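Report on the following structure.
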Amino acid sequence: MRASVDAGGSVKAVVYTVAAAFFAAVFLLAFRAARDAPRASFVALVIGFAALTNLAWVGRHRRVTAIVALTRRELWVALAIAVFTIAGNLSVAWSITSLGSGQAATIAQTEIFFVAITAWIGLGERPSGWLVLGVLLAAAGILLTRLPAGTGSFALAGVLWGLAAALAFAMILVVARGSARHIDVERVNSVRLVIAAPLILLTPGAAAGLADLSLQMWLLAAVAAVAGPVTSRLFQLYAVKSLAAATVKLGMLTCAVFAYVLDAALFGRIPTATEMIAAILILCGTGVPAAARRWRAR
């Protein structure tokens, strides 16, 4: 009986992981569809909608008044990850202007390397040899994207902005992990969005540009907010209850597959052979460390 329950839980967790990857791809597709909108203003809307949705979820499952009970440490952690939240989403907005959704999703997977490197520097967690192998594979893929224009190269600016986004999102995990034993994660997550929403309006042009956004842009921002920071993240949290984090990370690699398929279906953008080879190298590189951790955990 116990085995069947565990098996059922694992199947559910796999479904949650795939769903998380799909909604992460939808998040990128929404950014791509809004690529002509003022970037800071659009990101401000995304974060604002995410904050409201998160507060609604907290209000349903916990008392909203619990948010104001945060400690000084939690406030500083929330402020730090709010800044990285803004930086990460702005970088995504900039990268998607010159990359397809599939390309952006592929570059985003390099977050695992930044997590390992920053955790090594900040938390003293030494990276494994498998991580080094993964970095080399991913680096080969990124170098392949720099083939001359006309052979399916990724735009350099888009790659750099994509790497900046991966670094910013990695810092969110590392900062939260460094204080995980001393903070209420749900409370900090809610507060970081509440802080980030008005904070991003200080970005030049963010507040003024809101009036120029069409109804379509507002709807796309709502889709991005619900799909990425809320639904995808929530499904990941459900998945790790029954699956190892490394396994969930492997499953999230399918985000790039979903993004390429949706990009082709909605925007008619078919990846070239060079793009696909580069994407496979990058995804293999990011998957190697997670697969190695999963294998050792058996």
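The values are calculated or read from the model by the stated rules, or taken from the named source; none is laboratory data. Remember, predicted model here, so these are calculated numbers, not experimental data. Glycine gets a Cβ as well: all are built from the backbone with ideal geometry, and neighbour counts include every protein chain shown.
General observations
- Residue selected from segment 97-116 under the condition within 18 Å of Val248 (Cβ to Cβ) and hydrophobic (A, V, I, L, M, F, W, C), by the criterion farthest from the chain's Cα centre (by Cα): Ala116
- On inspection, Val223 fails the criterion of being assigned to a helix (DSSP H, G or I), modelled with pLDDT under 75 and in contact with a helix residue (DSSP H, G or I) (Cβ under 6 Å, 6 or more places away or on another chain).
- Qualifying residue in segment 4-14 (condition: at pLDDT below 90 and surrounded by 24 or more Cβ atoms within 10 Å (Cβ to Cβ)): no
- Within segment 84-103, the set of residues being of a type in the set (S, T, N, Q) and in a helix (DSSP H, G or I) comprises Thr85, Asn89, Ser91, Ser95, Ser101, Gln103.
- Residue match in segment 232-246 (condition: more than 30 Å from Glu74 (Cβ to Cβ), out of contact with any Cys (no Cβ under 9 Å at 6 or more places or on another chain) and modelled with pLDDT of 75 or more): no
- Boolean, Met276 is at pLDDT 70 or above, aliphatic (A, V, I, L, M) and crowded, with 21+ Cβ neighbours inside 10 Å: no
- Out of Ile270, Ile195, one residue alone is outside any helix (DSSP H, G or I) and either out of contact with any Gly (no Cβ under 9 Å at 6 or more places or on another chain) or on the phi > 0 side of the Ramachandran plot (or both). It is Ile270.
- Residue selected from segment 137-177 under the condition crowded, with 19+ Cβ neighbours inside 10 Å, under 17 Å from Pro271 (Cα atoms) and at pLDDT 70 or above, by the criterion farthest from the chain's Cα centre (by Cα): Gly141
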